[in-house]
Amino acid sequence: MTVLATTPSDDELLRRIIAGEEDAFVALYRRRSGGIYRFALHMCGSEAIAEDVTQEVFMALMRDIKKFDSSRGSLAAYLYGIARHHVLRQLARDRAFVPMMNGDETETSACELLAAPDDPLGDLTRRETVGRVREAVLALPAHYREVVVLCELHEMSYVDAATALGCAVGTVRSRLHRGRAMLIERLRAAEQPRTDAHTIKTARCFA
């Protein structure tokens, strides 16, 4: 009888890391670093800062690994919370620096892989849509931006988002409602077609 290997949970990987298993840390890093990087990038618009934040998050985890309390939320939410702290510190230090990401920057994503190779116009439209959403997200105030990025672009649950942001679930809901409204208003102000919830959902494929 063949026994199928199961994918270890974040908590299991954490226990193995504490026990000194380097492979467990590598597995956790590979699983979570991409999301942390994209969160930081969507928050600040700088690839260099996003890379620094990602490294800081995992260095902080290793320094204080026993500080994580699973009864207070998931490990993913804990890591995003650390990332948020570092991003906000960077934004406070460099208030004048919030560059807009180019809509034509290349990323390998599910949407790009599904795009028909003989449909350059469709591909260009998708890239333009993503570029507009990214610029509009970066223009939001930070406390709305972080909720939109976590819940809309990363599709994080309200509970995990609340843990990451250190606030109540009700606060997440209200900020998300206002943030989405502001985002749609900014997109409509750009006088682009299909500026609605569908546009935001399209951008999730590139988050």
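Ordering of 157-169, 137-149 by packing is 137-149, 157-169, highest average first (other Cβ atoms within 10 Å, averaged per residue). Each residue, residue 21 and residue 173, gets one label point 7 Å from its Cα in the Cβ direction; the gap between the two is 3.9 nm.
Scoring 52-60, 8-16 by mean Cβ neighbours within 10 Å over their residues and listing the highest first yields 52-60, 8-16. Net charge of the neighbourhood of residue 75, taken over other residues with C-beta under 12 Å away and scored Lys/Arg +1, Asp/Glu -1, is 0.
Enumerate the residues in the range 38-59 having an amide nitrogen under 16 Å from the point lying 7 Å beyond the Cα of residue 139 toward its Cβ. Within reach of a label on residue 139: 45.
Sorted by average packing, counted as other Cβ atoms within 10 angstrom per residue and highest first, what order do 68-81, 22-35 take? Could the numbers behind the result be given before it?
Values: 68-81: 16.8, 22-35: 15.1.
Per-residue Cβ counts within 10 Å, averaged per peptide and sorted highest first, yield 68-81, 22-35.
Does the range 1-99 come out rounded, prolate or oblate by the C-alpha gyration tensor, with a ≥ b ≥ c the root eigenvalues, rounded set by a/c under 1.5 and, if not, prolate when a/b is larger than b/c and oblate if not? Walk me through the intermediate numbers first.
Working: a/c = 2.64, a/b = 2.02, b/c = 1.30.
Because a/c hits 1.5 or more and a/b exceeds b/c, the range 1-99 counts as prolate.
Bear in mind that the values in this text are calculations on the coordinates, not laboratory data. Keep in mind it's a predicted model, so treat the numbers as computed, not measured. Methodologically, a virtual Cβ is constructed for each residue, glycine included, from the backbone with ideal geometry; neighbour enumeration extends over all protein chains shown.
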